[in-house]
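Heads up: the structure comes next, in C-alpha cells.
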Amino acid sequence: MGQMITLQRPDGSGLDAYQSDIDPARPNVIVLQEWWGLNDNIKSIVERFADEGFNAIAPDLYHGRITQDADEASHMMNGLDFPGAVHQDIAATVEYLKGINDRVAVMGFCMGGALALASAARLDGLTAAVCFYGVPPKAFADPADIKIPFQGHFGTLDDWVTPAVVADMEAAMTAAGNAPDFHSYEADHAFFNRTRPEVYNPEAAELAWKRMMVFLRAKL
C-alpha cells in the first residue's frame, strides 16, 4: 500500500505526496490530480500503476484541500498557481524520482492533464507524458514545445477540450516535428473517472488504460 511522504520544492518548502511502494528497478510515473484534489480516486490510480509494475506518486497540488463540490473545485483550480505547480511541485516530484532512476513519465486527468502537458513543454528530465482531456493556456505552455513522446486521450463529447481543440494541439505538435499518439473516444469529459457515473465510460476507460500501458512500457 502507498503512503504519504514529504518532498522538498526548489524554493525549500515542503510538498506532500502520495507514493506507492518503491522499487528502484521499476520506471516512474507522476500522477496529477483532477480539480477535486488528491482524493481517494487519485490514490487508487497510484496503486493501479504499482500493480502494473511502476513506481507512482501523486503530488498534492492543492496542499491539503479536497472537495466534492464542482463549484468549489472550479474555484480551487482557478486559484491554482499553475507556474508554481509546474516549476515547484511537479519539478520537485521529477527531481525526487530521478533520484530513483532516470525513467520518469508524467500523466494526469482534466486539470492534471493540462499540467502534464505543461510539464512536458516546460520541464527537463521527463521521458514521456500522457494527457487525459486537459489543455493549458497556450500562453503558458505551447504544445509545439513538447519534444518527448506524448500520448493523449480525449472524449468527442467533451465541451471543454473539444475535438477542435484536440486537432489544433495535435497539428501544433506534428508541425514542430513530434509524433503524438492521440486517441479519441465517443465519451464525455472525465470519462475515466469511475466515481462519476454520469460521465464514466468503462469501455473507453479500459481501452485508454491499455493503450497507456503499451505506450509507457515502450517509452520507459
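The values are calculated or read from the model by the stated rules, or taken from the named source; none is laboratory data. If you're wondering where the values come from, they're calculated on a predicted model, not measured in any experiment. Every residue, glycine among them, receives a Cβ derived from its backbone with ideal geometry; neighbour counts consider all protein chains shown.
Just a few scattered comments:
- Yes/no for TYR133 being over 25 Å from ALA85 (Cα atoms), surrounded by 17 or more Cβ atoms within 10 Å (Cβ to Cβ) and either touching a helix residue (DSSP H, G or I) at 6+ places or on another chain (Cβ under 6 Å) or of a type in the set (Lys, Arg) (or both): no
- Any hit, segment 8-30, residues being assigned to a helix (DSSP H, G or I) and among the charged types (D, E, K, R): no
- A count restricted to segment 1-24 and to residues that are touching a residue at least 24 places away in the same chain (Cβ under 8 Å), loosely packed, with under 12 Cβ neighbours inside 10 Å and within 27 Å of ARG217 (Cβ to Cβ) stands at 2.
- Any hit, segment 175-197, residues being in contact (Cβ under 8 Å) with a residue 40 or more places away in the chain and surrounded by fewer than 18 Cβ atoms within 10 Å (Cβ to Cβ): yes
- Only one of ASP89, ASP124 that is under 18 Å from ASP16 (Cβ atoms) and of a type in the set (D, E, K, R): ASP89
- Considering ASP11, ASP51, the condition of being of a type in the set (D, E, K, R) and closer than 18 Å to VAL106 by Cα is satisfied by ASP51 alone.
- Taking the criterion of being in a loop (DSSP other than H, G, I, E, B) and crowded, with 22+ Cβ neighbours inside 10 Å, the residues of segment 38-54 that qualify are LEU38, PHE54.
- Identification of strands (runs of 3 or more DSSP E) wholly contained in segment 112-209 with 3 or more residues that are under 20 Å from ASN39 (Cβ atoms) and at pLDDT 95 or above yields 128-132.
- One residue stands out among those in segment 55-86 that are acidic (Asp, Glu) and in a loop (DSSP other than H, G, I, E, B): the one that is surrounded by the most Cβ atoms within 10 Å (Cβ to Cβ), which is ASP60.
- Test: residue in segment 99-110 that is surrounded by 16 or more Cβ atoms within 10 Å (Cβ to Cβ) and either free of Cβ contacts under 8 Å to residues at least 40 places away in the same chain or in a helix (DSSP H, G or I) (or both): no
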